[in-house]
Amino acid sequence: MEDSKNKELDRTDLQILDILQREVHISNAELARRVSLSPPATHTRVKRMENEGYIDQQVAILNQEKLGFDLLCYVFMSTDIHQAKEIEELETSLQTMTEILECHCLTGAYDYLLKIVIRDRQELNQFIRKLNRLGISRIQTNLSLREIKYSTVLPL
């Protein structure tokens with residue numbers, strides 16, 4: 001019996017993933033039609049790729065400006081924390097902050113890059129104060145003036 005955990009993605013799997021990442025609300029019947037498979041076969045493939053972790057989650061992407069989040073900021077920050085337990089506590093605190101959309105551990109001049117969304121300058125000030133309480137040694141905040149490109153689509 002074939003081990004489904006090690007099954008490589010074929011051309012049809014990649015086609016399915018590409019369509020789903022662009023049109024999450026597509027019906028299974030329409031997806032099957034586009035990839036020239038039966039609906040049950042397509043459904044089985046989608047479920048397998050979900051189980052294997054190729055599909056993390058399916059979400060609605062909201063319009064942040066319409067919802068009152070006027071500032072998109074990138075925060076570079078460094079810390080003098082070097083003990084594993086303290087780093088874990090810092091990262092756990094960062095994970096709980098709802099303003100943070102993304103948090104990346106970096107190489108180079110800064111330790112972390114945060115992508116945050118907030119309503120106004122006052123909220124930005126409060127957020128930076130929250131970061132300072134975590135033992136951050138250096139913060140550089142950059143405000144996004146406009147978005148040139150935004151995509152969640154991977155180049156399959």
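The values are calculated or read from the model by the stated rules, or taken from the named source; none is laboratory data. Here the structure is a predicted model, which means the values were calculated and not measured. Neighbour counts are summed over all protein chains in view; Cβ atoms, including those assigned to glycine, are modelled from backbone coordinates with ideal geometry. For accessibility, only protein heavy atoms count, side chains too; no ligands or nucleic acids. Shrake-Rupley method; radii C 1.70, N 1.55, O 1.52, S 1.80 Å.
With θ taken as phi - 60° and the Karplus curve 6.51 cos²θ - 1.76 cosθ + 1.60 applied, the whole-hertz 3J(HN,Hα) list for the stretch 25-32 is 8, 5, 6, 4, 5, 5, 4, 4 Hz, x standing for glycine and proline.
I'd like the chymotrypsin sites (Phe, Trp or Tyr not before Pro) in the stretch 24-82 restricted to DSSP loop residues with at most 16 other Cβ atoms within 10 Å, sorted by number.
Details: sites: Tyr54, Phe69, Tyr74, Phe76; in loops: Tyr54, Phe69.
Answer by residue number: Tyr54.
On alpha carbon coordinates alone, what is the Rg over Rh value for the chain, Rh being the Kirkwood radius? Value, to two decimals: 1.09.
Using a Gaussian network model of the chain in which every pair of alpha carbons under 10 angstrom is joined by a spring, one finds that among Ser38, Ser78, Ser144 the greatest mean-square fluctuation is at Ser38. Hey, with R₀ at 25 Å, roughly what FRET efficiency would Ser27 and Asn51 work out to, going by the Cβ-Cβ distance, to 0.05? Result of the calculation: an efficiency of 0.75.
List nothing, just return the count: lysine pairs in the chain, 8 or more apart or interchain, with Cα separation under 23 Å. Working shown, then result.
On the way: Lys5/Lys47; Lys7/Lys47; Lys66/Lys115; Lys66/Lys149; Lys85/Lys130; Lys115/Lys130; Lys115/Lys149.
Lysine pairs meeting the criterion: 7.
Can you pull out the GluC sites (Glu not before Pro) in the stretch 30-102 that DSSP calls coil and that have at most 16 other Cβ atoms within 10 Å? Walk me through the numbers before you get to the answer.
Details: sites: Glu30, Glu50, Glu52, Glu65, Glu86, Glu88, Glu89, Glu91, Glu99, Glu102; in loops: Glu52, Glu65, Glu99.
Listed in order of number, the matching sites are Glu52, Glu65.
Using a probe radius of 1.4 angstrom, the carbon and sulfur fraction of the accessible surface of the chain is 49%. Modelled this way, with points 7 Å down the Cα-to-C-beta line, the labels at Ser93 and Gln64 are 2.3 nm from one another.
Each residue of the stretch 115-126 was assigned a 3J(HN,Hα) from its phi angle through the Karplus expression (A = 6.51, B = -1.76, C = 1.60, θ = phi - 60°), giving 9, 10, 10, 9, 7, 7, 4, 4, 5, 4, 4, 5 Hz with x at Gly and Pro. The order of Ile81, Ile118 by accessible area, most exposed first and with a 1.4 Å probe, is Ile81, Ile118. Phi-derived couplings, Karplus 6.51 cos²θ - 1.76 cosθ + 1.60 at θ = phi - 60°, listed residue by residue for the stretch 50-61: 5, 5, 7, x, 6, 10, 6, 6, 10, 9, 9, 9 Hz, with x used for Gly and Pro. The trypsin sites (Lys or Arg not before Pro) of the stretch 43-118 meeting both criteria, a DSSP state outside H, G, I, E and B (loop) and at most 16 other C-beta atoms within 10 angstrom of the site's C-beta, are Lys66. Ligands, DNA and RNA are left out, and with a 1.4 angstrom probe the accessible area of the chain is 72 Å² per residue.
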